[in-house]
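Report on the structure given below.
The values are calculated or read from the model by the stated rules, or taken from the named source; none is laboratory data. This one's a predicted model, so the numbers in the text were calculated from it and none came from an experiment. Because the Cβ atoms are built from the backbone with ideal geometry, glycine has one as well, and the counts that use them run over all protein chains shown.
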Amino acid sequence: MAKILDETPRPTLKDRMTKMVDGLQGSQAWASIFRPGSIFRKGYTDSPRNRSYVVMNSVLYHLHPVKVKRHAVKVSYTLCLGGLSFFLFILLTVTGIFLMFFYRPTDVSAWNDISNLQTSVAFGLLVRNMHRWGAHLMVLTVFLHMARVFYHGAYKPPREFNWVIGVVLLMLTLLLSFTGYLLPWDQLALWAVTVGTNMMGYSPVIGDQVRFVLLGGKEISGDTLLRWYVLHVLMLPFVIVIFMAVHFWRVRKDGGISGPL
Amino acid sequence: MTEIPEHLLKRAKAARAQTSDAPADADAPAGGGVAVKEKVASAVSAAPARSGPLGTGPGGNTQRLLTVVKSGSIQDVKASPVDKVHTWPHLLAAEFVAALACMSFTFFFSVFVNAPLLQQANINKTPNPSKAPWYFLGLQELLTMFHPMIAGVTIPGVGLVALIFAPYIDKNPSNKPEDRKFAISLMTVHLMFWAVLVIIGSFFRGPGFNFTLPWRDGLFFEL
């Protein structure tokens, strides 16, 4: 009678979890997603070989080498400013795509769309805030990154050309911020852009033409809005991504980051 | 042609003296000549006289010293050791933390501070003052002082060109702050110049873009 009862103890929750995780990590699907050396793979151990694989066998290898100079990982040297600029760019892309779902770049609907986004879209106000503050923050980090690079003399050979690309990136960042400024189509946007484009109109010889091309007319109108919208969401991001790719590639080709002092 | 190191010359001389002593060859070099080329010629010509196989050296050796190449004369050796660490985890962990901190700052700031949204744009109603975005306020401030051709074109144009060509203008190879006092001073003055202009334009300019004090008249500034 007693023999019928199973005397093995019931598996605890912990045992079941372990078994489930093992089963998942051992599955073919899992192994096909995470390449050898990935920290998410079954049986990952911390060894020099695996540390190399983490970078070498992942898409990160496009950005980082397997090893970097010891002084390069000191936060006090770079203050992470370049990396944070890139991160903010990604954050702005993600929040910007969200905003695009609720926005039409015409003088009739633009302001109403933003207003509705803030009042009747879930997380609309929060995402718009993050997009705006992130944009100001990115201008700041890019600018500080430039100052940091200058004070470290990191623009000196062989990194001269990467500095030039960096200045172009700073200009593109300012342009991205400035084109985004108009899009809410409120009084702040309209008049800030009026003042800004008037300043561009002072360019010698071609000033009026530059202003005309930028505004799509003699003065700011719905045409300007469409024009700046396309610049802001498509053209300038496209251009800046190309320059960023070259910028990051040159960092590695020029022998990693500069220094130590 | 690089000079042959002293110790190699001595060794060659000693070997030559040894070979010329042991077999009584007539054509062994006398007096220990220095040139290696002569030695080669003598070795080749001396070989048939001895019992060794054809083409061997005086001691029966089958190799000979043709020339001495110092390291660095052909190949540029840059093998100065560099202290390196693995990107994972040392760099990636720091980057991850920085990204997380940056995102949480943006997130919490956005929870508590709303982006401005004023009245709908109206071309017929000019707000007073009208200000450019903050990073252009330095320029707008300059425009109150100089002719547009100078403030709007010449000064920022020269500044931008100087910035772009900085690495080609600054020929000083050192990156040590103590060697770059001029460059650092110039950049600091330049940055401070714009920072002060931006601050004045942002906080100290009120209606009509006239000078105000923010603690007296309030702020005329929207981000």
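Values computed for the structure shown
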| quantity | calculated |
| --- | --- |
| Check on residue A:27, touching a residue at least 12 places away in the same chain (Cβ under 8 Å) and among the hydroxyl-bearing types (Ser, Thr, Tyr) | no |
| Contacts under 6 angstrom Cβ, first residue in the range A:85-97 being more than 9 Å from every other protein chain (Cβ to nearest Cβ), partner of a type in the set (S, T, N, Q) and in a helix (DSSP H, G or I), 6 or more apart | A:85/A:141 |
| Qualifying residue in the range B:208-222 (condition: surrounded by 14 or more Cβ atoms within 10 Å (Cβ to Cβ), within 11 Å of another protein chain (Cβ to nearest Cβ), assigned to a helix (DSSP H, G or I) and in contact (Cβ under 8 Å) with a residue 24 or more places away in the chain) | yes |
| Residue within the range A:104-115 that is touching a Leu at 6+ places or on another chain (Cβ under 8 Å) and more than 10 Å from chain B (Cβ to nearest Cβ) present | yes |
| Complete set of residues in the range A:121-172 that are farther than 26 Å from residue A:249 by Cα and more than 7 Å from every other protein chain (Cβ to nearest Cβ) | A:121, A:122, A:123, A:124, A:127, A:131 |
| Residue satisfying condition, being under 24 Å from the mean Cα position of the chain (by Cα) and closer than 24 Å to residue B:115 by Cβ, within set A:179, A:224, A:194 | A:179 |
| Meets criteria (in a helix (DSSP H, G or I), over 23 Å from residue B:133 (Cα atoms) and in contact (Cβ under 8 Å) with a residue 12 or more places away in the chain) for residue B:183 | yes |
| Index of the failed condition, residue A:230 passing every other in (1) farther than 30 Å from residue B:176 by Cβ; (2) crowded, with 20+ Cβ neighbours inside 10 Å | (2) |
| Breaking point among (1) under 30 Å from residue B:166 (Cβ atoms); (2) modelled with pLDDT of 95 or more, for residue A:101 | (1) |
| Test: residue in the range B:105-124 that is within 30 Å of residue A:256 (Cα to Cα), hydrophobic (A, V, I, L, M, F, W, C) and not assigned by TED's automatic domain parsing to the domain that holds residue B:199 | yes |
| Residue in the range A:129-142 that is part of a helix (DSSP H, G or I) and of a type in the set (S, T, N, Q) present | yes |
| Filter result for the condition that a residue is crowded, with 18+ Cβ neighbours inside 10 Å and at pLDDT 95 or above, over B:104, B:202, B:185, B:110 | B:110 |
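Conditions (1) more than 21 Å from residue B:223 (Cβ to Cβ); (2) touching a residue at least 60 places away in the same chain (Cβ under 8 Å); (3) not in a helix (DSSP H, G or I), marked per residue:
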residue	(1), (2), (3)
A:168	yes, yes, no
A:189	no, no, no
A:213	yes, no, no
A:220	no, no, yes
A:232	no, no, no
A:243	yes, yes, no
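Yes or no, residue by residue, for (1) more than 7 Å from chain A (Cβ to nearest Cβ); (2) modelled with pLDDT of 90 or more:
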site: B:135; (1), (2): no, yes
site: B:145; (1), (2): yes, no
site: B:152; (1), (2): no, no
site: B:163; (1), (2): no, yes
site: B:178; (1), (2): yes, yes
